Amino acid sequence: MSQKNATLRISYQDDILLADLIGEMDHHTSRQLREVLDAELHKYRPTTLVLNFEQLTFMDSSGLGFVVGRLQLLGRFGGLLRLVNVGRHIMRIFNLAGLERLPNLHIEGAAV
Amino acid sequence: MKHTPINKLSLTLPAISINESVSRAVVGAFVACLNPTINDIADLKCVVSEAVTNCIVHAYPQQDTPRKPGEIYITVVLYDDRRVKIIVRDYGCGIPDIAKAKTPLFTTDPGGERSGMGFSVMENFTDKLTVQSWVGRGTKITMFKQLH
């Protein structure tokens with residue numbers, strides 16, 4: 001059931017790792033997504049990780065831990081994190097935590 | 001003026017993480033009869049997910065042992081003025097210091113990548129949040145939200 005509630009589609013080009021987040025991110029699914037993504041991060045050590053939120057239909061505060069954890073991991077390689085196509089509801093959660101103030105992190109909202 | 005309850009849902013689930021998505025899906029479907037806005041539904045699903053996750057992560061810390069996991073009791077009441085009451089109750093370990101637990105970014109589990117923002121999300125996405133907790137006897141979260 002919920003084992004398939006979230007997946008990642010990952011591609012790598014020109015030192016940029018692009019990960020499309022698909023489905024729902026909560027405490028249960030974020031653990032699975034983290035394992036898959038971190039394996040790719042360790043493999044490629046990209047200068048930039050782009051997390052695409054376009055197909056993420058739900059996120060609670062577990063997503064904050066996920067984003068900050070990946071930012072810390074990228075920091076070890078000197079990499080940047082870009083969050084793109086962030087919907088309004090998910091953006092409210094990021095704003096609550098003041099994520100936009102973190103260095104080496106860029107957040108872009110979805111086109112309305 | 002006292003408003004009248006028009007519908008009520010009672011849901012009991014074992015405190016296992018797969019039930020985070022189950023609980024919010026059920027509550028979302030139950031509230032849908034009031035034709036809520038997309039934003040209101042998103043808020044309610046999010047706060048249910050936060051409260052249920054707290055039960056799974058914190059209330060029953062021995063859940064990963066062969067012991068039977070504890071249970072989460074969810075009650076949702078719909079009122080005739082389009083208010084929604086959500087209660088999430090567990091009979092787990094309880095919270096020794098509620099004020100500290102509600103502090104933004106506070107977490108007892110930093111290694112687990114918990115953000116410590118669960119209560120902040122619940123407070124911001126509802127109109128009223130009450131936390132009652134008894135050490136060794138569990139926690140009761142009560143939330144109200146007026147639908148648009």
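B plus A alone minus the pair: what accessible area, both sides summed, probe 1.4 Å, in Å² to 100? Before the final figure, lay out each step's value.
Values: alone 8040 and 6520 Å², together 12490 Å².
So the buried area, both faces added, is about 2100 Å².
Put a dot 7 Å past the Cα of B:ILE87, heading toward its Cβ, do the same for B:THR12, and the two dots end up 1.4 nm apart. The mean sequence distance of close C-alpha pairs (under 8 Å, at least 6 residues apart), as a share of the length of chain B, puts its relative contact order at 27 percent.
Using only DSSP helix segments of four residues or longer, with each worth -39500 (n - 2.57), what per-residue ellipticity at 222 nm results for chain A after dividing by its residue count and rounding to 500?
Details: 3 runs with 44 residues, N = 112.
Computed mean residue ellipticity for chain A: -13000 deg cm²/dmol.
Applying a length cut-off of 20 Å (Cα extent along the axis) and a mean Kyte-Doolittle floor of -1.0 to the DSSP H helices of chain A leaves A:62-77.
Mean separation of Cα pairs under 8 Å and 6 or more residues apart, divided by the residue count, gives segment B:73-135 a relative contact order of 28 percent.
Across peptide B:23-35, the average count of Cβ atoms from other chains found within 10 Å of a residue's Cβ is 1. A:LEU102 versus A:TYR44, label points 7 Å from Cα toward the beta carbon: distance in nm? With each label placed 7 Å out from Cα toward Cβ, I get 1.9 nm.
Overall, the anisotropy analysis places chain B in the prolate class: the square-rooted eigenvalues a ≥ b ≥ c of its C-alpha gyration tensor yield a/c not less than 1.5, with a/b exceeding b/c.
Between the listed residues B:ALA15, B:ILE56, B:GLN132, the Cα displaced farthest toward the positive end of the dipole of the protein assembly as shown, a dipole computed from Cβ unit charges relative to the Cα centre, is found at B:GLN132. Taking each of B:LYS2/B:LYS45; B:LYS85/B:LYS145; B:LYS100/B:LYS145; B:LYS2/B:LYS140 in turn, the alpha-carbon distance tops 18 angstrom for B:LYS2/B:LYS45; B:LYS100/B:LYS145; B:LYS2/B:LYS140.
Please compute one quarter of the surface area of the Cα convex hull for chain A and express it in square nanometres. Write out the running numbers ahead of the final one.
Details: hull surface 25.8 nm².
Over every viewing direction, the Cα hull of chain A projects on average to 6.5 nm².
Beta bridges assigned by DSSP with both partners in the protein assembly as shown are antiparallel in approximately 70 percent of cases.
The values are calculated or read from the model by the stated rules, or taken from the named source; none is laboratory data. All values reported here derive from a predicted model rather than from experimental measurement. No Cβ is skipped: glycine too gets one built from the backbone with ideal geometry, and neighbour counts run over all protein chains shown. Surface accessibility is based on the protein's heavy atoms, side chains included, excluding ligands, DNA and RNA. Shrake-Rupley method; radii C 1.70, N 1.55, O 1.52, S 1.80 Å.
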